[in-house]
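A.B. asks: Pasting in a structure now, in structure tokens, and then I'll have a few things to ask.
The values are calculated or read from the model by the stated rules, or taken from the named source; none is laboratory data. In this text the structure is predicted, and so the values were computed from the model without any measurement. As a convention, Cβ positions derive from the backbone with ideal geometry for all residues, glycine included, and neighbour counts pool all protein chains shown.
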Amino acid sequence: MKRKLTTNEIEILKSRHCTAENWDNILVAKEFKPDHLSCVNFSGKIELGVFEKEFALPGGLKKHSGLHCATLHNCELGDNVLIENVQNYIANYKIGDNVFVQNLDIMYVDGKTTFGNGLVVAVLNETGGREVMINDKLSAHFAYILSLYRHRPVLIKKMQDIVQFYANKHASEIGMIGNNVKIINVGSIKDVRIGDCAVLEGTILLKNGSINSNEHDPVHIGHGVICEDFVISSGSHVEDGTMLTRCFVGQACYFGHNYSAIDSLFFSNCHGENGEACAVFAGPYTVTHHKSTLLIAGMFSFMNAGSGSNQSNHMYKLGPIHQGILERGGKTTSDSYILWPAKIGAFSLIMGRHYNNTDTSNMPFSYHNESNDTTVLVPGANLRSVGTIRDAQKFPKRDKRKDPNKLDQINFNLLSPYTVQKMFRGVEILKELQRTSGEASESYVYHSCRIKNSSLRKGIQIYDMAINKFLGNSVISRLKNCSCKSDEEIRQCLKPDSEIGKGQWRDIAGLLAPQTEIYKLMDDIESGKISKLKEINAVLADLHNNYYSLEWTWAWDKIQQYYGLSLEKITRKDVIRIIEKWKYVVIEMDRILYEDAKKEFSLSSRTGFGADGDRDIQKLDFEQVRGAFEKNAFVETILIHIDEKTKLGDEMIKKLN
């Protein structure tokens with residue numbers, strides 16, 4: 001219960017150089033004491049809590065909660081707040097408990113605002129047409145559908161209405177500062193909502209946005225940062241002169257070292273330093289560290305951009321209308337260039353400068369090299385690279401999200417129905433090229449790319465190995481808890497849980513799911529059956545949680561086609577044949593990775609080591625810095641993997657026998 005100030009309390013406040021437009025408009029907590037207020041100007045309606053606790057600051061200093069040298073207008077303060085040295089004023093804010101505000105220029109809400117919710121971001125196409133309305137609950141998957149499915153205008157209108165409803169619901173003339181927030185040496189804050197436990201230090205300007213910090217995963221906004229028209233999600237850090245305009249920042253992202261972005265979406269665990277982004281759809285784990293790196297009008301995820309990477313959408317006459325897609329796992333080397341429009345297959349490497357518009361989406365895990373202004377495609381080469389496997393292992397370990405409510409449903413699997421379906425298609429395409437142009441051809445042309453004869457043959461081989469590996473993995477996982485005492489029991493274990501999962505799969509910005517289920521969600525949104533953001537996010541979460549059941553439906557369908565089997569006739573001998581093939585390809589692919597890793601320890605790799613010594617000194621210096629090949633952690637992992645998979649295959653065959 002709040003009460004009015006007593007006459008004695010008012011006199012004490014006046015003696016401490018406090019003023020009020022109307023003392024009767026000030027309500028205080030029952031236990032309020034005026035001892036820790038000085039030089040405060042009050043106007044409008046004011047509510048104050050108690051000032052009883054101290055803040056312990058770095059270096060051992062302590063400061064008592066209170067109000068000093070500040071002007072407050074229409075503000076409600078919780079308990080144990082410290083506000084001091086406000087150069088202008090704080091207006092129209094509800095401030096939580098244990099909030100620390102020191103050396104602030106100005107903070108106010110000017111009329112009714114949505115705090116960044118419902119703001120339109122012109123992603124992918126700078127001239128518009130793929131706009132995404134950002135909001136507190138925006139997932140990469142919702143944004144993917146909203147930006148790319150423009151051929152379904154009813155769906156798009158419904159999704160926009162859902163976001164607008166959410167934005168209107170959360171609109172207010174009063175800003176919110178959560179509990180345990182720190183705002184220190186900050187310039188201007190206008191129309192910004194700040195969640196619990198956020199820390200703002202040395203920030204220059206925050207305008208029209210939401211900082212969705214919470215106790216599980218606080219947000220930190222650092223020195224020299226300027227953000228206008230934004231939403232920043234839990235666990236994110238925006239530091240060191242970063243400038244964001246009309247941007248969404250997902251959970252556990254990091255931006256620093258003068259990174260700048262405009263009209264861009266960044267989802268979970270993105271990392272940006274030094275470079276810039278314009279009209280970018282950055283799915284989970286889009287990483288760019290380097291100066292002179294520009295990401296523009298592109299869609300990425302699980303991507304690492306090399307120094308000086310650039311994409312161009314400026315070969316136009318009607319404005320910057322071109323866009324491009326690097327499917328999940330793409331990498332660009334230093335000084336790489338891609339002319340949009342283009343679509344690059346999953347887990348591919350871009351080296352050099354590419355001036356032809358190309359679509360290699362059915363050639364995943366490929367190298368894109370440049371030779372005489374021509375793109376030379378090496379299908380499947382990245383499956384032979386130890387770096388690809390290392391990347392696949394590190395992504396889950398680098399998930400920094402601590403918020404129990406995760407916005408993005410991220411599937412980290414390297415081999416999945418999504419990538420393996422493309423390998424099936426890739427094999428068909430390569431064999432067709434071989435058939436139509438002849439097996440003796442020196443090279444083949446595919447979508448403005450040149451494929452060497454040797455690369456084509458190796459591509460078919462490595463895709464076939466990866467397909468066998470995935471299908472074998474699926475069989476072993478399915479039969480892991482099956483006693484396999486009879487063919488009939490094996491058939492019962494192999495029977496899919498449902499028919500859902502067959503057909504095409506899609507990567508919806510990190511979520512892997514059957515196309516049928518994504519279309520069903522869209523149909524439900526169009527019909528009005530689903531009409532809230534939380535309902536859409538719940539459907540997406542269920543798809544993610546049921547991934548392995550749906551994956552098996554797809555895998556079993558392919559197993560029957562690929563090996564010529566059926567559920568009614570499959571026997572233990574057929575399963576043993578699959579597992580033996582699986583064991584062979586797993587060991588063979590690990591051997592390939594082992595040999596690739598060995599290149600990192602070759603004589604040429606030791607160049608520059610042991611600078612003032614002979615070859616023996618060079619070897620010793622190299623091993624002190626890089627370690628011995630046999631003791632390298634990843635090499636040891638490969639050897640352990642070979643041993644474990646051999647035992648697993650042998651044990652499975654023994655059980656079947």
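A.B. asks: Looking only at region 444-489, filter to residues that are hydroxyl-bearing (Ser, Thr, Tyr) and surrounded by fewer than 16 Cβ atoms within 10 Å (Cβ to Cβ); which one of those is nearest to the chain's Cα centre (by Cα)? Can you show your working first?
C.D. replies: At the first step, the residues of region 444-489 found to be hydroxyl-bearing (Ser, Thr, Tyr) are 444, 446, 448, 454-455, 463, 474, 477, 483, 486.
This time we only want the ones that are surrounded by fewer than 16 Cβ atoms within 10 Å (Cβ to Cβ), so: 454, 477, 483, 486.
Working: Ser454: 36, Ser477: 28, Ser483: 40, Ser486: 45 Å.
Filtering first and then ranking leaves Ser477.
A.B. asks: All but one of (1) touching a residue at least 60 places away in the same chain (Cβ under 8 Å); (2) in contact with a helix residue (DSSP H, G or I) (Cβ under 6 Å, 6 or more places away or on another chain); (3) not aliphatic (A, V, I, L, M) hold for Asp497; state the number of the condition that does not hold.
C.D. replies: Of everything listed in (1) touching a residue at least 60 places away in the same chain (Cβ under 8 Å); (2) in contact with a helix residue (DSSP H, G or I) (Cβ under 6 Å, 6 or more places away or on another chain); (3) not aliphatic (A, V, I, L, M), Asp497 misses just condition (1).
A.B. asks: Filter region 121-133 down to the residues that are within 25 Å of Ser213 (Cα to Cα), in contact with a helix residue (DSSP H, G or I) (Cβ under 8 Å, 6 or more places away or on another chain) and touching a residue at least 40 places away in the same chain (Cβ under 8 Å) and list them by number.
C.D. replies: Of everything in region 121-133, those that are within 25 Å of Ser213 (Cα to Cα), in contact with a helix residue (DSSP H, G or I) (Cβ under 8 Å, 6 or more places away or on another chain) and touching a residue at least 40 places away in the same chain (Cβ under 8 Å) turn out to be Val123, Val132.
A.B. asks: Which residue out of Val231, Val249 is in contact (Cβ under 8 Å) with a residue 40 or more places away in the chain and either among the β-branched types (Val, Ile, Thr) or within 27 Å of Leu512 (Cβ to Cβ) (or both)?
C.D. replies: Val231
This table checks each residue for (1) at pLDDT below 90; (2) among the acidic types (Asp, Glu); (3) more than 21 Å from Gly426 (Cα to Cα).
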| site | (1), (2), (3) |
| --- | --- |
| Cys278 | no, no, yes |
| His289 | yes, no, yes |
| Ile296 | no, no, yes |
| Phe302 | no, no, yes |
| Gly308 | yes, no, yes |
| Gln323 | yes, no, yes |
| Glu327 | no, yes, no |
| Tyr355 | yes, no, yes |
| Asp359 | no, yes, no |
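A.B. asks: Which ranges mark the strands (runs of 3 or more DSSP E) fully within region 52-101 that have 3 or more residues being assigned by TED's automatic domain parsing to the domain that holds Phe32 and farther than 22 Å from Glu21 by Cβ?
C.D. replies: On the way: elements: 54-56, 62-64, 66-77, 82-86, 90-95.
Where strands (runs of 3 or more DSSP E) fall fully within region 52-101 and carry at least 3 residues being assigned by TED's automatic domain parsing to the domain that holds Phe32 and farther than 22 Å from Glu21 by Cβ, they are 54-56, 62-64.
A.B. asks: Looking for something in a helix (DSSP H, G or I) and without any contact (Cβ under 8 Å) to a residue 12 or more places away in the chain - is there at least one such residue anywhere in region 410-426?
C.D. replies: Within region 410-426 (the criterion being in a helix (DSSP H, G or I) and without any contact (Cβ under 8 Å) to a residue 12 or more places away in the chain), the answer is no, since none of the residues qualifies.
A.B. asks: Name the strands (runs of 3 or more DSSP E) wholly inside region 244-349 in which the number of residues that are closer than 29 Å to Gly380 by Cβ is 3 or more.
C.D. replies: Ranges flagged: 286-288, 298-300, 303-305, 310-312, 324-326, 337-339, 342-344.
A.B. asks: Just for region 74-108: of the residues that are in contact (Cβ under 8 Å) with a residue 40 or more places away in the chain and among the aliphatic types (A, V, I, L, M), which one is surrounded by the fewest Cβ atoms within 10 Å (Cβ to Cβ)?
C.D. replies: Looking at residues that are in contact (Cβ under 8 Å) with a residue 40 or more places away in the chain and among the aliphatic types (A, V, I, L, M), I get Ile106.
A.B. asks: Which residue pairs have Cβ atoms closer than 8 Å, lie 6 or more positions apart in sequence or on different chains, and pair a first residue in region 199-220 that is of a type in the set (Lys, Arg) with a second residue that is in a strand (DSSP E or B)?
C.D. replies: Hits for this filter: Lys207/Ser188; Lys207/Ile189; Lys207/Lys190; Lys207/Asp191; Lys207/Val192; Lys207/Cys227; Lys207/Glu228; Lys207/Asp229.
A.B. asks: Residues that are assigned to a helix (DSSP H, G or I) and over 21 Å from Asn269 (Cα atoms): does region 387-408 have at least one?
C.D. replies: no
A.B. asks: For Gly66, state whether it is free of Cβ contacts under 8 Å to residues at least 40 places away in the same chain and among the small types (Gly, Ala, Ser).
C.D. replies: Yes, satisfied.
Matching residues to (1) over 19 Å from Ile183 (Cβ atoms); (2) surrounded by fewer than 18 Cβ atoms within 10 Å (Cβ to Cβ):
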site: Lys2; (1), (2): yes, yes
site: Glu11; (1), (2): yes, yes
site: Cys18; (1), (2): yes, no
site: Glu54; (1), (2): no, yes
site: Pro58; (1), (2): no, yes
site: Leu72; (1), (2): no, no
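A.B. asks: Restricted to region 565-595, and to residues that are among the β-branched types (Val, Ile, Thr), touching a residue at least 60 places away in the same chain (Cβ under 8 Å) and more than 22 Å from Pro496 (Cα to Cα), which residue is surrounded by the fewest Cβ atoms within 10 Å (Cβ to Cβ)?
C.D. replies: If we take residues in region 565-595 being among the β-branched types (Val, Ile, Thr), touching a residue at least 60 places away in the same chain (Cβ under 8 Å) and more than 22 Å from Pro496 (Cα to Cα), then Ile592 is surrounded by the fewest Cβ atoms within 10 Å (Cβ to Cβ).
A.B. asks: Same structure, new question: Kindly indicate whether Ser264 is in contact with a Ser or Thr (Cβ under 7 Å, 6 or more places away or on another chain), buried (at least 19 other Cβ atoms within 10 Å of the Cβ) and touching a residue at least 60 places away in the same chain (Cβ under 8 Å).
C.D. replies: No: the conditions fail for Ser264.
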